Amino acid sequence: MLEVGSTAPDFTLLDQNGDAHSLSDYRGHKVILYFYPRDMTPGCTKQACGFAELYPQFQDKDAIVLGVSRDSVASHKKFEEKYQLPFVLLSDPEREVIEAYDVWKEKMNYGKVSMGVVRTTYLIDENGVIQMALDKVKAAENPTQMLEVLG
């Protein structure tokens with residue numbers, strides 16, 4: 001996990017519509033950058049729907065929500081449409097950003113060890129500096145937790 005106080009690595013990824021987004025596009029805004037394992041899975045759906053439900057409150061606090069996973073642009077589009085997600089989902093099939101943010105880790109699942117995305121959320125300030133880094137995030141609690149952090 002990246003250290004609080006360090007500059008967040010810039011990146012450019014495609015969203016669910018195939019449009020490119022760079023972290024630097026959001027300078028001047030707080031960014032909640034959350035990494036999740038897969039579209040349409042129970043935990044990831046709870047987390048995404050939680051962010052969607054609270055989205056107007058994040059907007060009121062001038063905070064941008066960006067979700068990142070290895071899923072394809074097409075998978076993100078289906079996820080967005082099925083759950084009416086109002087924020088950007090970024091596709092990182094090559095794991096470039098996932099690895100830059102140190103969230104590709106060894107995981108234990110049903111007694112098997114494998115590599116995967118560890119659910120992690122970063123709060124990045126208006127100047128691109130990491131203000132908070134949370135790993136092993138509880139999917140259902142994360143959106144409320146991040147809203148509270150914003151004050």
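Estimated from helical segments only, the mean residue ellipticity of the chain at 222 nm is -9000 deg cm²/dmol, where each DSSP H run of four or more residues counts as -39500 (n - 2.57). With just the Cα atoms defining each centre, how far is segment 107-149 from segment 19-50? Give it in Å. The two parts, judged by their Cα centres, are 10 Å apart. Label-to-label distance for Lys105 and Thr144 is 2.4 nm, based on points extended 7 Å past Cα in the beta-carbon direction.
Placing pseudo-labels 7 Å out from each Cα toward the beta carbon at Asp135 and Asn17 gives an inter-label distance of 3.5 nm.
Structure note, pairs Lys30/Lys61; Lys77/Lys138; Lys107/Lys138; Lys46/Lys112: Cα-Cα distances above 19 angstrom occur for Lys77/Lys138; Lys46/Lys112. Relative to the compact-globule estimate of 2.2 N^0.38 Å, the Cα radius of gyration of segment 1-83 comes out at 1.12.
Since every read-out is calculated from the coordinates, none of them should be taken as a lab result. The shown structure was predicted, so the numbers you read here are calculated from the model rather than taken from an experiment. Note that each Cβ is placed from the backbone with ideal geometry, even for glycine, and that neighbours are counted across all protein chains shown.
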